[in-house]
Amino acid sequence: MASLERQPDSSMCFVCGRDNPIGLHLTFYIEDQKIKATFTPGPEHQGWPGIMHGGIASTILDETVGRTAFLVDMWAVTGRFELHYHHPVPIGQQLTAIGEIVRVRGRILEARGRIVLADGTVAVEAKGMYIRLSDDKRRQMEQILDLR
């Protein structure tokens, strides 16, 4: 198995924020040039009884897919994001979110991701287009996040 490299997080991000009292508290890793995170949804994450809300799936995948920009030393924001829901994501079972780069063209990064259930079933797929932050904006964010 390849070694894992932990990605940075921020204090109040809804997905990765270590200090966000209502956040998801996901930890992201780089493995084999992909971004990965695991999560076990609880009852507070459901839409229909026993099924994780589709908006939570979308949120997890937007963060996972967007973080692929770090693989090419890019800080980016979401420009377009599309989802395809294949299967319900059950509450109480661990899922794995995986993101990978499709291509980079100038300021634009295209990437895709998926949520995989414990049995290997791909439950949700996503693709997105992310736009590189300007150097000034990146420096501002690094300072705010204390990543200098």
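Readers should treat all values here as calculations from the given coordinates under stated rules, not as data from a laboratory. All of these numbers come straight from a predicted model, not from anything done at the bench. For neighbour counting, all protein chains shown are included, and Cβ atoms are generated from backbone atoms with ideal geometry for every residue, glycine included.
Search the structure for amide H atoms under 5 Å from the amide H of Val102, placed 1.01 Å from N in the peptide plane, and list their residues when 5 or more places away or on another chain.
Distant-sequence amide H within range of Val102: Glu110, Ala111, Arg112.
Which far-off residues, 5 or more places away or on another chain, put their amide H under 5 Å from the one on Asn20, with H placed in the peptide plane?
none
Could you compute the net charge surrounding Leu95? Neighbours are other residues with a C-beta less than 12 Å from the C-beta of Leu95; K and R count +1, D and E count -1. Can you show the working numbers first?
On the way: positive: Lys36, Arg114; negative: Asp119.
Counting the neighbours of Leu95, the net charge comes to +1.
Through the Karplus equation 6.51 cos²θ - 1.76 cosθ + 1.60, θ set to phi - 60°, convert the phi angles of the range 98-107 into ³J(HN,Hα) values in whole Hz; use x for Gly and Pro.
10, x, 8, 6, 9, 6, 10, 10, x, 8
Jot down the per residue volume, in cubic angstrom and as a whole number, of the convex hull over the alpha-carbon atoms of the range 101-148. Intermediate values should be presented prior to the final figure.
Details: hull volume 5.3 nm³, N = 48.
With only Cα atoms used, the range 101-148 gives 111 Å³ per residue.
222 nm [θ] for the chain, helices only, -39500 (n - 2.57) per DSSP H run of 4+, per residue, to 500?
Counting only the DSSP helices, I get -5000 deg cm²/dmol.
Helix 54-66 against the longest principal axis of the chain: what's the angle in degrees, Cα atoms only, rounded to the nearest 10?
Its long axis makes an angle of about 30 degrees.
Could you tally the net charge around Gly128, taking each other residue with its Cβ under 9 Å from the Cβ of Gly128, Lys/Arg +1 and Asp/Glu -1? Write out the running numbers ahead of the final one.
On the way: positive: Arg80, Arg112, Lys127; negative: Asp62, Glu82, Glu110.
Neighbourhood net charge equals 0.
Going 7 Å from the Cα of Thr40 along its beta-carbon direction, which residues of the range 79-106 have the amide nitrogen within less than 17 Å of the resulting point?
89-97, by backbone N distance to the label point.
What's the percent breakdown of Cα-Cα distances in the range 53-148 across 5 Å bins, shortest bin first?
Per 5 Å bin, starting at zero, the Cα-Cα P(r) for the range 53-148 comes out as 3, 14, 23, 19, 15, 12, 8, 5, 1 percent.
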